[in-house]
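The values are calculated or read from the model by the stated rules, or taken from the named source; none is laboratory data. Remember, predicted model here, so these are calculated numbers, not experimental data. Cβ atoms come from the backbone with ideal geometry, glycine included; neighbour counts cover every protein chain shown. Just the protein is used for accessible areas: all its heavy atoms, side chains included, with ligands, DNA and RNA removed. Shrake-Rupley method; radii C 1.70, N 1.55, O 1.52, S 1.80 Å.
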Amino acid sequence: TVRWVASTGRRYDAGRGGYMTGVVRDVSERKRAEVEIAELTRSLEERVSTRTAELQTEVAHRRSAEERLAIILSSIGDGVIATDVAGLITHMNPVAEKLTGWSLGEATGKPFPEVFHIVHESTRAPAPDPVARVLTERVTIGPANQTALIARQGAEYSIADIAAPILD
């Protein structure tokens, strides 16, 4: 077996003769631990590097998919509004922005009925919140008849609203 030792010493001059004192210590365990730590560090750094590359690839794929989805949503001729599970707005396409009078930046995080104000066309009674029903029942709803959307600035649009859950 190989043993690692560390020695320290000192030489003393005493006239014509001299002497030395010293200590020799076995540092084999420390050296083995240093080698093991170096190997573990190298292995961990390699794993981190590999995982980082995997995550960067995944992020790039997700960004690409999100960009494609944004292009698709922006290209749809109907107003599209997405909410989270609490009914707070997370996305609107440009048509929805125009119809509601709210920009995506202004609407993000707002409750759906605050931005998408709908009433029955003939009775003027508030129409039920389709998102609340979709979130509760987890079913597709619509199209609703005789519904009017009242935009932020007061413009009114006759609409056929459809609401559908996006399930993971």
Query raised in the report: So which residues in the range 126-151 are in a loop (DSSP other than H, G, I, E, B), surrounded by fewer than 16 Cβ atoms within 10 Å (Cβ to Cβ) and touching a strand residue (DSSP E or B) at 6+ places or on another chain (Cβ under 8 Å)?
Result: 140, 142, 146
Query raised in the report: List, please: which pairs have Cβ atoms under 6 Å, are six or more places apart or on different chains, and start with a residue in the range 141-156 that is closer than 12 Å to residue 102 by Cα and end with one that is open to solvent by 50 Å² or more (accessible area, probe 1.4 Å) and part of a strand (DSSP E or B)?
Result: 150/117; 150/156
Requested in this report: Could you please find all residues in the range 1-31 being out of contact with any Asp or Glu (no Cβ under 9 Å at 6 or more places or on another chain), open to solvent by 80 Å² or more (accessible area, probe 1.4 Å) and not in a strand (DSSP E or B)?
Outcome: 1, 2, 16, 29, 30
Query raised in the report: Which residue pairs have Cβ atoms under 7 Å apart, sit 6 or more places apart or on different chains, and have a first residue in the range 111-127 that is more than 14 Å from residue 155 (Cα to Cα) and a second that is in a helix (DSSP H, G or I)?
Result: 112/131
Report task. Hey, can you tell me all the residues within the range 152-164 that are open to solvent by less than 40 Å² (accessible area, probe 1.4 Å) and within 16 Å of residue 82 (Cα to Cα)? Result -> 161, 163
